[in-house]
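Quick note: the coordinates plus some simple rules give every number you see, no bench work behind them. Owing to the predicted nature of the structure, the values given are computational and were not obtained by experimental measurement. A quick note on method: Cβ atoms are made from the backbone with ideal geometry, for glycine too, and the neighbour counts reach across all protein chains shown.
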Amino acid sequence: MAARLAISPSYLNLVERNQRPLSARLLVQLAEQFDFDPRSLRQDEAVGGIDGLRRRLADERFADLGIDRDEVTEWLAAAPQAALAFARLYDAGGGGEGSAPVSDPMDLARREIERWRNHFADLDVAAEELADELRLSNAEIGAALAERLRQRHQLSVRILPVDVMPDALRRLDLHARQLQLSEQLDQSSRNFQVAVQLAMLEQREAIAALADGAGFADRAAWRLFRRHLAGYFAAALLMPYGRFLRACEATGYDLPLLQRRFNVGFEQLAHRLTTLQRVGQRGLPFFMARIDRAGQFSKRYAGASGTTLLESGASCPLWNVHRAFEQAGRFCVQNVAFTDPAGQASQWFTLARTVEGNGSLGGEGAQFVVVLGLEAGLASQLAQTRGISLSAGQALAIGAGCALCHRADCLQRSLPPRGAALEFDERTRGLTPFAFGR
């Protein structure tokens, strides 16, 4: 075997005992010389890789153990089945007191998205090929999408007044052979909805295969995941991988410019930025979340960022994503230092902006904040960081919400951390109402 791999027997022995890395060249040799699928080595995919394990170990119940990334990496490399057993047991228990129960369809769908790191290579390739085909017929993407529907599926696109479609944004009327869209949608949202319909018509089998492969027992989780995949294909069609990544790198990920160039909304753009993980063509590893005024996450995608900032289900009031509601349409940027419940510290550059919810036209509709985050060490590549200090000393310390945060000096604290022993001194009143031990 060593001879066929063009390495020495002693080196092969070291590889087998996890004392030498399995290099890319060696992987290629294995695939060429033996009946071997390199994907079989990715046993860590079932737990979401190192980042998936770290998110589970960020639970407050493990906070006193101080497990660092190197230990997690070693565990996953040396005993992947034991790591998988831990992940299954943790997930079956609902992922901790503060997490959604394992039976929750939203949580099940999100876990499957995170297992894939929100990158579905086959859908990306199919969308890119279709985008290239559409450009040949019409340079204006909206017209090209409508023409595709008409020629391939005998469906016309019709914009209807809000009094005709008061409770819907998109409706497929097969009797009239129409894809009906509400006039509430702006042009970028109309394009997205037509692209979603194309995904459901032309990628139905590919999307269903991915959803079936998740093995959901809950049909609602299956439908939520399938809906995410249809939206993924639509975004990839509007922002084809190669062209989009080149534009990102050429502009320094200038978000307003990218929105105009690809005629997409900020939320669509934020979604897409979390998916740029094609082998050999990786973009920056962003995370993305959508937050309401109560600080609840309605969407959260860690992507390849490895962040645990989104795991608690609650956001820190010191994080300036909340201030974005007071500055509608403007970017709120911040350099933050985050410590998770397990005591692991990280530093992030975050950028937040309001987006209007469905039905917001002409009235008091829903409003959310969409936040993008990137590890501070990578953020200097962004156009939006010009003039902003990314030094660790200038980062504002935030936590995972009061119930999971053990910072004793936080003036914004409104609750004591769960599981902490409260301490009382009748002679002294501190700056916060709670004193506690670790």
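If R0 is 41 Å, the Cβ-Cβ spacing of residue 164 and residue 330 corresponds to a FRET efficiency of close to 0.75.
Using 0.36 nm per residue and subtracting the Cα-Cα separation, the extra length available between residue 136 and residue 219 on full extension is 25.9 nm. GNM, the chain, Cα, under 10 Å: largest mean-square fluctuation among 151, 334, 81? Highest fluctuation among the options: 151. If I build a Gaussian network model for the chain, linking alpha-carbon pairs within less than 10 angstrom, which residue out of 73, 339, 350 has the largest mean-square fluctuation? Among 73, 339, 350, the largest mean-square fluctuation in the Gaussian network model of the chain belongs to 73.
The fewest-to-most ranking of 316, 402 by surrounding Cβ atoms within 10 Å reads 402, 316. Loop exposure criterion: chymotrypsin sites (Phe, Trp or Tyr not before Pro), DSSP state outside H, G, I, E and B, at most 11 other Cβ atoms within 10 Å. Applied to the chain, the longest stretch between such sites is 35-423. Plugging the Kirkwood radius over Cα pairs into Stokes-Einstein for the chain, at a temperature of 25 °C and a viscosity of 0.890 mPa s, what D comes out in µm²/s? Approximately 102 µm²/s, per Stokes-Einstein. Taking Cα centre as origin and charging only the Cβ of basic (Lys, Arg, +1) and acidic (Asp, Glu, -1) residues, the dipole magnitude of segment 309-438 rounds to 200 debye. Neighbour counting of Cβ atoms within 10 Å sorts the residues 415, 210, 245, fewest neighbours leading, into 415, 245, 210.
Between 317, 222, 189, the Cα set farthest toward the positive side of the dipole of the chain (charges on each charged residue's Cβ, about the Cα centre) is that of 189. Loop-resident GluC sites (Glu not before Pro) (DSSP state other than H, G, I, E or B) in segment 130-227 with no more than 10 further Cβ atoms inside 10 Å of their Cβ are absent. About its Cα centre, the dipole of the chain is roughly 580 debye, where the only charges are +1 on Lys and Arg Cβ and -1 on Asp and Glu Cβ. A crude spin-label estimate for the pair residue 206 and residue 3, with each label 7 Å from Cα along the Cβ direction, gives 4.5 nm. Our summary gives segment 121-238 a relative contact order of 29 percent, counting only alpha carbon pairs under 8 angstrom and 6 or more residues apart.
Return 288, 1, 200, 239 ranked ascending by Cβ neighbour count within 10 Å, so the fewest neighbours appear first. Spell out each step's value before the answer.
On the way: 288 24, 1 11, 200 16, 239 27.
Ascending number of Cβ neighbours within 10 Å: 1, 200, 288, 239.
By the helix-only formula, in which each DSSP H run with n ≥ 4 contributes -39500 (n - 2.57) and the sum is divided by residues, the chain has a 222 nm mean residue ellipticity of -11500 deg cm²/dmol. Since only 430, 234, 264 are under comparison, the one whose Cα sits farthest along the positive direction of the charge dipole of the chain, derived from C-beta charges on Lys, Arg, Asp and Glu, is 264.
Just to be sure I understand the curve: with the Debye formula and one point per C-alpha of segment 121-238, what is log10 I(q)/I(0) at q = 0.09, 0.14, 0.19 Å⁻¹? The calculated log intensity ratios at q = 0.09, 0.14, 0.19 Å⁻¹ are -0.25, -0.61, -1.05.
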